[in-house]
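Reading through the C-alpha cells given below for one structure.
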Amino acid sequence: MSEYPSFIIPTRAAVCVRGGRRGGHPDERPVVPGTDLCRGCHERFPGILADLVSLWSTLSESIVRRPGANYMRDRVDTSGGGDAGNLWNPSAARALVELADWTGYLVRTIYREHPGTPSLEKDARTDIALATIARWYSHWFTAYPTVGPALVEDAITLRQAVMRAVDAPAYKRVEISGHYCQEVLEETDYGPVVCLGQLVGILRPGDLTNPSTIVCSLNPGHPRLDRKDWLLAHAH
C-alpha cells in the first residue's frame, strides 16, 4: 500500500467486484491479491485506453464534416468552428470534452498521489496522456482500492460513447450572435468561472432558418434550450 496515500484503506476482497455486473464478467473470479479486480480486468484496462487513443483523432475529425463528403476519405477541420456550409456533430464535440476531462482527472491523480516523478506532462494532449497512462500507470490505477473498478467502468462507458459519437448525426448550425453559455465551470474565491462558449442553434432536417435547439459550441453537454424556451427567455 506504500504506492497509495496513507489514508487509503487496503482492500480485502476475495473475488472480483466486477463479477456479475453488467459489462463485467458473469462468473466470480479471484482477485489479484491486494486489489478489487481479477487479472482479466487488470489486463483489460490498458487495452481500453489504447482503443481510446486510436479513436481520439477520428473523434476529433468527426466534429465538423463537409456535406456530401465521404467521411472516411475526406477529413476536415477539427476545430468545431469551420465553414458555415460544414455539418457539426455535437455528440462528437461533447464526447471529446468528456474524454479530455476524464483524462485530465487521471493526470491530476498521478501528480497528486503517485509516488515519484510523473513521466508525463500536466498539459499533454489527450491521446498522448492516455498512451502514457496505458503504458506506465494502468496497473497502479486498477490496483487502487475501490477506485480501480470505477475507472474500468468509466473507461468502458467512455469507449462506447466515443464509438457512438463518431457515427452520430451531424447538423447545420447558426451562431446566436451576442449570446454565450453561462454554465458555471468552477467556484473560486474571486467568484464563479463561467464557460462563455458561443451559443449556436442546431438546424435539424425540416428546420429552415430557425434552429430547434440552442447549445454551447464549446461543450454541447452543457444545458441546452429548446427554441421555444429560448424565445420565452429572451423575449423583449
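The values are calculated or read from the model by the stated rules, or taken from the named source; none is laboratory data. Since the model is a prediction, treat every value here as computed from it, not as a measurement. Positions of Cβ are generated from backbone atoms using ideal geometry, with glycine treated the same way; all protein chains shown enter the neighbour counts.
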Test each condition in (1) modelled with pLDDT of 95 or more; (2) touching a Lys or Arg at 6+ places or on another chain (Cβ under 6 Å); (3) among the β-branched types (V, I, T) for T132 and report the one that comes out false.
-> (2)
Mind telling me which of the residues L106, L99 ends up being at pLDDT 95 or above and under 30 Å from A14 (Cβ atoms)?
-> L106
Hits in the stretch 130-151 (condition: in contact with a His (Cβ under 9 Å, 6 or more places away or on another chain) and over 13 Å from T103 (Cα atoms)) | H139, W140, T142, A143, G148
What's the number of the condition K228 fails, among (1) surrounded by 13 or more Cβ atoms within 10 Å (Cβ to Cβ); (2) outside the structural domain of E43 (by TED's automatic domain parsing)?
-> (1)
Can you tell me which of R164, R159 is among the charged types (D, E, K, R), loosely packed, with under 15 Cβ neighbours inside 10 Å, in contact with a helix residue (DSSP H, G or I) (Cβ under 8 Å, 6 or more places away or on another chain) and within 28 Å of R65 (Cβ to Cβ)?
-> R164
Can you tell me which residues in the stretch 185-201 are within 24 Å of A92 (Cβ to Cβ) and either out of contact with any Leu (no Cβ under 8 Å at 6 or more places or on another chain) or outside the structural domain of H222 (by TED's automatic domain parsing) (or both)?
-> L185, L196, L199, V200, G201
Under 24 Å from the mean Cα position of the chain (by Cα) and surrounded by fewer than 20 Cβ atoms within 10 Å (Cβ to Cβ): does that describe E3?
-> no
Name the single residue, out of those in the stretch 112-153 being free of Cβ contacts under 8 Å to residues at least 24 places away in the same chain and more than 20 Å from the chain's Cα centre (by Cα), that is nearest to P5 (Cα to Cα).
-> R112
For R39, state whether it is surrounded by 12 or more Cβ atoms within 10 Å (Cβ to Cβ) and in contact with a strand residue (DSSP E or B) (Cβ under 6 Å, 6 or more places away or on another chain).
-> no
Of all residues in the stretch 17-31, which are in contact (Cβ under 8 Å) with a residue 40 or more places away in the chain and surrounded by 20 or more Cβ atoms within 10 Å (Cβ to Cβ)?
-> V17, R18
